[in-house]
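The values are calculated or read from the model by the stated rules, or taken from the named source; none is laboratory data. Please read these numbers as outputs of a predicted model, since none were measured by experiment. Here the Cβ positions follow ideal geometry from the backbone for every residue, glycine too, while neighbour counts run over all protein chains shown. Remember, those area values only see protein heavy atoms, side chains included, never the ligands or the DNA or RNA. Shrake-Rupley method; radii C 1.70, N 1.55, O 1.52, S 1.80 Å.
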Amino acid sequence: KIIFTDETVAGFWVEHLVTSIPALSKSEIIQIPAGESFKTLEICEQIWGALSDYEIGRNDLILNLGGGVITDMGGFIASLFKRGMRFINIPTTLLSQVDASVGGKTGVDLGPFKNQIGVFADADHVFINEEFLTTLSDEELISGYAEMLKHGLISDAEHWNDLKSFVPLVRTNGIEFIQKSIQIKKAVVEKDHKEAGLRKTLNFGHTIGHAIEGYLLSNEIPTLHGYGVAWGILAESYISFKQNLLSEAEYTEIKTHITKTYPAFTLDEDCFEDLLKLMGNDKKNRSGQLQMVLLKGIGNAVYDQAVSDEEILSALRELKG
């Protein structure tokens with residue numbers, strides 16, 4: 001067995017895991033530095049080399065212990081090594097518990113482009129334990145909270161309303177909300193595993209959010225994924241409002257909650273054209289036309305919606321305030 005993790009998680013949880021589960025006592029441990037900048041093919045190649053050195057076979061198991069970077073990468077590494085081996089996800093961040101570790105998406109980044117290289121591959125099991133959240137920073141919890149808000153906005157208005165009064169910084173009172181978010185994602189994925197249609201709704205907030213995240217990463221000022229998603233949610237909600245899909249009252253409700261929960265978006269307008277170029281590489285686009293997930297009311301999302309560059313620029317200006 002291989003335990004794949006990063007240096008931060010290893011310091012908190014590897015010894016606890018190995019001593020708690022006797023079957024893991026002889027596991028090899030592979031750890032990488034923490035952070036999105038290490039989510040690359042180059043790092044994967046090094047790990048495949050290590051798996052060969054350890055004489056790992058197709059019937060062995062990789063256990064991915066960490067946040068979204070680790071579960072995305074670990075699943076990708078396992079799915080390609082010797083044409084595929086089994087893997088288990090144990091997500092240790094709120095973000096990975098409600099999103100990255102479930103649903104079968106794996107992959108790595110290609111420069112500033114998020115998750116451009118990857119495959120669909122399901123973990124044998126995903127184990128979620130609220131205890132892992134006790135070691136997270138406030139910022140990491142707020143980051144994961146963005147994906148939960150997204151689940152409510154695209155599919156369940158009641159979940160969105162419940163989440164507005166949920167305080168993610170209280171680290172041990174949210175398992176029911178975590179379970180609800182996972183159920184929402186699971187229901188979507190089961191209907192459309194390969195993202196031919198409905199699953200695209202899970203990308204709400206991500207077209208603009210990924211572009212912001214990728215731009216900041218390439219300029220060596222990385223931000224947490226959930227912050228990018230939150231800014232993306234706000235911008236794409238604005239576009240939904242301007243396209244008469246979302247009422248002004250609903251847009252105001254979303255804007256009020258996002259702006260009081262997340263830091264202000266401060267990028268200068270000089271970089272907006274660069275953001276548009278990054279969005280041009282979004283996987284949902286068709287024939288050079290930007291396609292977005294938009295809200296048709298809170299709790300209902302529509303996909304494959306054509307959006308113009310000017311609408312995006314207008315949303316970015318609104319986001320900047």
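Taking the conditions (1) in contact (Cβ under 8 Å) with a residue 40 or more places away in the chain; (2) over 17 Å from the mean Cα position of the chain (by Cα); (3) part of a helix (DSSP H, G or I) in turn, Glu176 satisfies each one other than (1).
Of the candidates Asp309, Asp282, the single residue that is open to solvent by 40 Å² or more (accessible area, probe 1.4 Å) and of a type outside the set (A, V, I, L, M, F, W, C) is Asp309. Where the second residue is assigned to a loop (DSSP other than H, G, I, E, B) and of a type in the set (Ser, Thr, Tyr) and the first is in contact (Cβ under 8 Å) with a residue 12 or more places away in the chain and lies in the range 19-37, which pairs have Cβ atoms under 6 Å and are six or more apart or on separate chains? Close Cβ pairs (under 6 Å, with a partner that is assigned to a loop (DSSP other than H, G, I, E, B) and of a type in the set (Ser, Thr, Tyr)) amount to Glu28/Tyr54.
Determine if the range 173-181 includes at least one residue that is farther than 17 Å from Val102 by Cβ and in contact with a Phe, Trp or Tyr (Cβ under 7 Å, 6 or more places away or on another chain).
Scanning the range 173-181, I find no residue that is farther than 17 Å from Val102 by Cβ and in contact with a Phe, Trp or Tyr (Cβ under 7 Å, 6 or more places away or on another chain), so the answer is no.
Just so you know, in the range 109-124 the residues that are among the charged types (D, E, K, R) and crowded, with 21+ Cβ neighbours inside 10 Å include one that is nearest to Ile298 (Cα to Cα), and it is Lys114. Where helices (runs of 4 or more DSSP H) fall wholly inside the range 191-303, the ranges with 3 or more residues that are in contact with a Lys or Arg (Cβ under 7 Å, 6 or more places away or on another chain) are 206-218, 225-242. From the set of residues in the range 125-160 that are within 18 Å of the chain's Cα centre (by Cα) and of a type in the set (Gly, Ala, Ser), which is most open to solvent (accessible area, probe 1.4 Å)? In this case the residue turns out to be Ser155.
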